[in-house]
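Colleague: Sharing a structure with you now.
The values are calculated or read from the model by the stated rules, or taken from the named source; none is laboratory data. Worth saying up front: this structure is predicted, and the values here are computed from it rather than measured. Here the Cβ positions follow ideal geometry from the backbone for every residue, glycine too, while neighbour counts run over all protein chains shown. SASA here: full protein model, heavy atoms, side chains in, ligands and nucleic acids out. Shrake-Rupley method; radii C 1.70, N 1.55, O 1.52, S 1.80 Å.
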Amino acid sequence: MTLVSRSPLHPVQTAIYRRLTGDAPLLDMATGGVHDQVPEGTPKPYVRIGDHLSTPDNDLTSYGREIVATLHVWTEARGNQQGQAIAARIVELLDHQAAALSVLLTGHRVVSIRCEFDQALPDPNPQVRHHIIRFRIKTAQEEAT
C-alpha cells in the first residue's frame, strides 16, 4: 500500500478545539468561548485558536509534520491573573497530552505536544490583556486500512 501525504493541520486544529470546548472548567473561565474566527462582539474573556507553522517531519517509511500552533487568550481584567488562569488551564489540557488529542483525530496521531511558552502582552487598550500560548506538535500519519 502506498501512503499519500495528507495534511494534519485541520484535524489537529479540530482536535485542539474539541479538547478545549469539551472542558467545563475552561469554559467557566473563558465565558466568551473558544474560536477559530471570533464573531464580532464576542465578550471577553475568550480563547482564539490562532496561526500555525507546519513543516515536514517525515522518515523513510512514514509522513509526519511538526506544527507550531499559537493560541490567544483575551481578557478585560485588571492585571494578568485572569488570563494566566485561563492560559494555565489550556496548558494543563494540551501539554504532554498526545494521547488525549490523538483519540480526537482521524488519519493522524499526535506523537508529542509541548508548550513552548505562555506570554502576557500589554494591549494598546489598557482595559485589554492578551496572553499568547505556543505549542509544538509532532504528528504521524496513520496508514489507511
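Per-residue answers, yes or no, for (1) closer than 20 Å to H52 by Cα; (2) under 12 Å from the mean Cα position of the chain (by Cα); (3) in a strand (DSSP E or B); (4) modelled with pLDDT of 95 or more:
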site: H72; (1), (2), (3), (4): yes, yes, yes, yes
site: A77; (1), (2), (3), (4): no, no, no, no
site: I86; (1), (2), (3), (4): no, no, no, yes
site: H96; (1), (2), (3), (4): yes, no, no, yes
site: F117; (1), (2), (3), (4): yes, no, yes, yes
site: T145; (1), (2), (3), (4): no, no, no, no
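Colleague: Checking D28 against (1) touching a residue at least 60 places away in the same chain (Cβ under 8 Å); (2) open to solvent by 50 Å² or more (accessible area, probe 1.4 Å), which test does it fail?
Modeller: (1)
Colleague: Identify, please: which residue in the range 55-69 is farther than 11 Å from K138 by Cβ and buried (at least 16 other Cβ atoms within 10 Å of the Cβ) and is, among those, modelled with the lowest pLDDT?
Modeller: Going through the qualifying residues, I end up with Y63.
Colleague: Further question on the same structure: Under the condition of being open to solvent by 50 Å² or more (accessible area, probe 1.4 Å) and not aliphatic (A, V, I, L, M), which residue from the range 90-99 is nearest to A120 (Cα to Cα)? Before the answer, list the steps.
Modeller: The first filter runs over the range 90-99 and keeps only residues open to solvent by 50 Å² or more (accessible area, probe 1.4 Å), leaving 92, 96-97, 99.
Still in the list and also not aliphatic (A, V, I, L, M): 92, 96-97.
Values: E92: 17, H96: 22, Q97: 23 Å.
Restricting to residues being open to solvent by 50 Å² or more (accessible area, probe 1.4 Å) and not aliphatic (A, V, I, L, M), the top hit is E92.
Colleague: I've got another one for you. Is it true that some residue in the range 71-84 is surrounded by fewer than 19 Cβ atoms within 10 Å (Cβ to Cβ), of a type in the set (D, E) and touching a strand residue (DSSP E or B) at 6+ places or on another chain (Cβ under 8 Å)?
Modeller: Within the range 71-84, one or more residues are surrounded by fewer than 19 Cβ atoms within 10 Å (Cβ to Cβ), of a type in the set (D, E) and touching a strand residue (DSSP E or B) at 6+ places or on another chain (Cβ under 8 Å).
Colleague: Exactly one of these conditions fails for Y17: (1) out of contact with any strand residue (DSSP E or B) (no Cβ under 7 Å at 6 or more places or on another chain); (2) surrounded by fewer than 17 Cβ atoms within 10 Å (Cβ to Cβ). Give me its number.
Modeller: Exception for Y17: condition (1).
Colleague: Moving on. Among the numbered conditions (1) buried (at least 16 other Cβ atoms within 10 Å of the Cβ); (2) within 20 Å of E142 (Cβ to Cβ), tell me where Y46 comes up short.
Modeller: Looking at each condition in turn, Y46 falls short on (2).
Colleague: How about the range 109-129: which of its residues are touching a Ser or Thr at 6+ places or on another chain (Cβ under 8 Å) and either open to solvent by less than 70 Å² (accessible area, probe 1.4 Å) or touching a residue at least 60 places away in the same chain (Cβ under 8 Å) (or both)? Steps first, answer last, please.
Modeller: Restricting attention to the range 109-129, the residues satisfying the condition of being touching a Ser or Thr at 6+ places or on another chain (Cβ under 8 Å) are 109-111, 128-129.
Within the range 109-129, V110, V128, R129 qualify.
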